[in-house]
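Asker: First the structure, which I've put down as structure tokens, then a few questions once you've had a look.
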Amino acid sequence: MTKEIFPEGQVIFKNKPYTGEFLRITMAEIDKAGESFMGMLKADEHDAVYFLFFLKGDAYAAGCIKNDKPMPISIKDFLQHISTDTSKRNLSLHKTDPVLLKGMLVFLQREPSTKVTTDMINLESILNQIKSEQAAAFVILKRNNTYNLFYFHSGEPKMAYFADTSLAGATEDSPIAEQMLLYAYPADKTPIEVLVYRDIKTSEARDTAEIKQFLIADALMHESRCFGTKPKPPVPPAVEAEKEEKTLRVRIEVTDGPQKGNKFNVPLPCTIGRRDAAIRIRDMTISKTHASLEVSEGKIIFRDLDSTNGSIVNGKAVKETELSNGDIVQMGNTTLKIHFVTS
């Protein structure tokens, strides 16, 4: 198990043994919380730690620390790794404020402008330099793989996040600069590693638009496909036919709009919308749950779910219609092309 310890924010749960089902339930609960959730899912392994960050309920970015090296990774890589690798791991879920979330992202996405130990420099001079420049910055003090984050705004220390709660004798009532100096120069004179980040820009993962509920579900199901499941008893033909109808798939291509170029390969039935839907489209002119695609007697039916701006299929406003392969659906500023998928 990795020894890296980070500020935790509000702990929702901690060190729960990983299973694909537990991860699926966790993702569903985060989705249910919606825009109120901001935080990180952490997967601790024996030689690494993996992070998935959420902003307003949506997966925003991912990263990992392996061989003492932090690095950003794609969200898809995060999901595939924890779903297919057989390493033992524990999951922890933390709700954070925006500053702590940003600090963790800076640590994983940016190289420090200064990386040195306190026996080699004077930390107070670094703090004075940040103050004189009126800079925004993050400073991390690391001791025994424990990371303590400090945020500076306009040169002044504004927020402190201690993973090591001993604070080297400091109290929460002490000024943040004083807390830092007390921690950096402990009585036993143990050198503390100092990481200073002057570039604190963070970025969303490139694949966020592609990571929808169906993709996450596919990644989680990969575990059972790889390692096998017990044979199921034969299914009666009538039940099998009903099941087959329910698992028809379509491929949806975004041909115009904010997510132009994205493609979704989804099982039916499904919903499409801006927020509360299986397929999420980041278009403010689309309703939260705008429309649905369903199967009825082998036909694929498009239904507008009383959306604010309505739906257009092949140039005509519709409430409900049967779709044909290649039909064009327009919702708000987004245009979709529907392709039927045959097994």
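Bear in mind these aren't lab numbers, they're just calculated from the coordinates by the rules spelled out. These figures come from a predicted structure and were not determined experimentally. Note that each Cβ is placed from the backbone with ideal geometry, even for glycine, and that neighbours are counted across all protein chains shown.
Asker: Determine the gain in length on full extension of the stretch ASP207-LYS189; use 0.36 nm per residue of separation and subtract their C-alpha separation, reporting nm with one decimal.
Answerer: Length gained between ASP207 and LYS189: 2.0 nm.
Asker: Check which residues have an amide H placed less than 5 Å from ILE73's amide H, if you skip close sequence neighbours.
Answerer: ALA62, GLY63, CYS64
Asker: How compact and how long is the stretch 1-81, expressed as Rg and Dmax of its alpha-carbon atoms in Å?
Answerer: 12.4, 35
Asker: Here is a follow-up. For the stretch 241-343, which semi-axes, largest first and in whole Å, follow from the square roots of 5 times the eigenvalues of its Cα gyration tensor? Intermediate results must be reported in sequence, preceding the final value.
Answerer: Numbers: eigenvalues 85, 39, 33 Å².
One finds semi-axes of 21, 14, 13 Å for the stretch 241-343.
Asker: Assuming R0 = 56 Å, can you tell me the calculated FRET efficiency for the pair VAL116 and ILE312, based on Cβ-Cβ distance, to the nearest 0.05?
Answerer: 0.40
Asker: Of LYS16/LYS69; LYS16/LYS189; LYS288/LYS337; LYS95/LYS260, which ones are farther than 30 Å apart at the Cα?
Answerer: LYS16/LYS189; LYS95/LYS260
Asker: Same structure, new question: To the nearest whole percent, what portion of all C-alpha pairs in the stretch 1-137 is separated by more than 18 angstrom?
Answerer: More than 18 Å apart: 59 percent of the Cα pairs in the stretch 1-137.
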